[in-house]
Amino acid sequence: MANKPKRLLEKYDLLLDNLDFEYLRQSNNAREVENILKVLRSGEEGHFPQLTAYAEERLKSLRPDSKLLRKEQPLATQHTMPAEQWQTISTRLNEWQSMMKAIEEDLRSMQDETDDPTVPRIRSIPAANPVVEEPPTVVSESKYIKYCDYDKWDKFDADTEMLKMDLDEERHREMVRINNRKNSEKPKIVELPPEVKLSQQERQVIARKLREKGNDSFRAKDYSEAVEEYDKSLALCPTAACYNNRAMAYIKLQRYSEAIADCDQCLALEPTNLKALLRKAQALTANDNRREAYKVYLDVLRLEPTNNIALSSTANLRRQLTDLPPPNAVRMVIEEVSNAEAEIDFRDLVRPKKIVKDMVPEAISKLQKDTVSLLRRQAEKMKDRPTEERTLFPEPPQRSTPLIEEL
């Protein structure tokens, strides 16, 4: 029962309901229509000529170049072809055969006339320096013993030979069984184990070991290998020291843009890292960005004014670019300070189409008030005087300044 072949419906994973006109009309899967056509042609589920013809038409519309649509053509013979076509083909073949015979006869006659030993004969081995090869003698050892070979019959052990035959047969059966098992098993999808989650301390330890391995490669001047080890270390745990070391490896490989990027990453973690600043300036100088490199060297001198590398590099860059300021130069900042008191805006007095207020009427009204008050005080003084001293027109008191000056 285990070796019983499966039905085509089970083999192609089809249902009996799929063998239907409506299902074939709605199906757009050419592979499925091919499987249905194979089942119909096999006759396992019955013979349905009309359904088979419809399945062929449907497959022709979905996949015209399908192998199932190919039909065997009978061989062309004298009885299956028209007489005129057969006569034409026969005539052409006879003409070609006669032409080839004439060419061969001409070549043979030319060779007989020349009779040159250096020219090889037609369809024959060259006669010059013939080499006769003797057939190799093969000693065939027959596994059968001759009936008259008594020495071998004396040494022959029937039990041993039977055991060898049984072992060979068993080995062959085992090989066939293994092959059948491999062919019958479905392919298995092997899932890869998930990525191992490491703690932060484990990441730091592994990253440090990878960085040290990269340092060893750098000392051996294998800069590409060092960059690979630094990449692995940074993937686990990015540190300023690893960025700094990879930047130096990039400088050795003349990959200056990547070295500058690594220096920026290191400075983002440690802004006062002198090694990162010096290597960034070195990469900028090699990348022909001397002005930017000069600024970076100035940052180094602000952190460490006695740095010999920065001093010598700034002096060299100043010799190359004469317009660069000295390292100890200070830029003056000019700030505008506004006055505390509000300034008079004289533009308000010269605005067009604006009437300026006249001050004369105010001065006149003020003068009138002062005059009235002066007369009242004078009248009060006259009341206080005796009667005989009163006059209708008293003498006005002497003033130091005229009234008009009060304006």
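The values are calculated or read from the model by the stated rules, or taken from the named source; none is laboratory data. Keep in mind the model is a prediction, meaning the values are calculated, not measured. In this analysis, Cβ positions are derived from the backbone assuming ideal geometry, glycine residues included, and neighbour counts consider all displayed protein chains. These area figures cover heavy atoms from the full protein model, side chains too; ligands, DNA and RNA do not enter into them. Shrake-Rupley method; radii C 1.70, N 1.55, O 1.52, S 1.80 Å.
Might you check whether a residue that is under 47 Å from the mean Cα position of the chain (by Cα), open to solvent by less than 60 Å² (accessible area, probe 1.4 Å) and at pLDDT below 90 occurs anywhere in segment 74-92? No.
On inspection, Ala220 fails the criterion of being of a type in the set (A, V, I, L, M) and closer than 25 Å to Leu303 by Cβ. Within segment 266-283, residues that are touching a residue at least 12 places away in the same chain (Cβ under 8 Å) and in a helix (DSSP H, G or I) reach partners that are among the charged types (D, E, K, R) and open to solvent by 30 Å² or more (accessible area, probe 1.4 Å) with beta carbons closer than 6 Å, at six or more positions or on different chains, in the pairs Leu277/Asp299. Of the residues Leu311, Leu317, the single one that is open to solvent by 20 Å² or more (accessible area, probe 1.4 Å), modelled with pLDDT under 90 and not basic (Lys, Arg) is Leu311. Would you mind stating whether Ala259 is crowded, with 17+ Cβ neighbours inside 10 Å, at pLDDT 90 or above, of a type outside the set (Lys, Arg) and in a helix (DSSP H, G or I)? Yes; evaluated as a whole, the condition is true for this residue.
In this structure, does Arg279 turn out to be open to solvent by 20 Å² or more (accessible area, probe 1.4 Å) and over 29 Å from Ala226 (Cβ atoms)? Here the answer is no, as Arg279 does not meet what is asked.
With respect to Ala310, is the statement that it is assigned to a helix (DSSP H, G or I) and closer than 28 Å to Ser224 by Cα true?
No, not satisfied.
Here's the yes/no breakdown for (1) loosely packed, with under 10 Cβ neighbours inside 10 Å; (2) basic (Lys, Arg); (3) modelled with pLDDT of 80 or more:
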{"residue": "Asp159", "(1), (2), (3)": "yes, no, yes"}
{"residue": "Asp168", "(1), (2), (3)": "no, no, yes"}
{"residue": "Asn180", "(1), (2), (3)": "no, no, yes"}
{"residue": "Pro194", "(1), (2), (3)": "yes, no, no"}
{"residue": "Leu198", "(1), (2), (3)": "no, no, no"}
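Of the residues Lys71, Lys60, Lys11, which single one is open to solvent by 100 Å² or more (accessible area, probe 1.4 Å), farther than 26 Å from Ser184 by Cα and under 45 Å from the mean Cα position of the chain (by Cα)? After ruling out the rest, the residue left standing is Lys60. Taking Glu225 as the residue in question, decide whether it is at pLDDT below 90, in a helix (DSSP H, G or I) and open to solvent by less than 100 Å² (accessible area, probe 1.4 Å). Taking the combined requirement at face value, the residue does not satisfy it.
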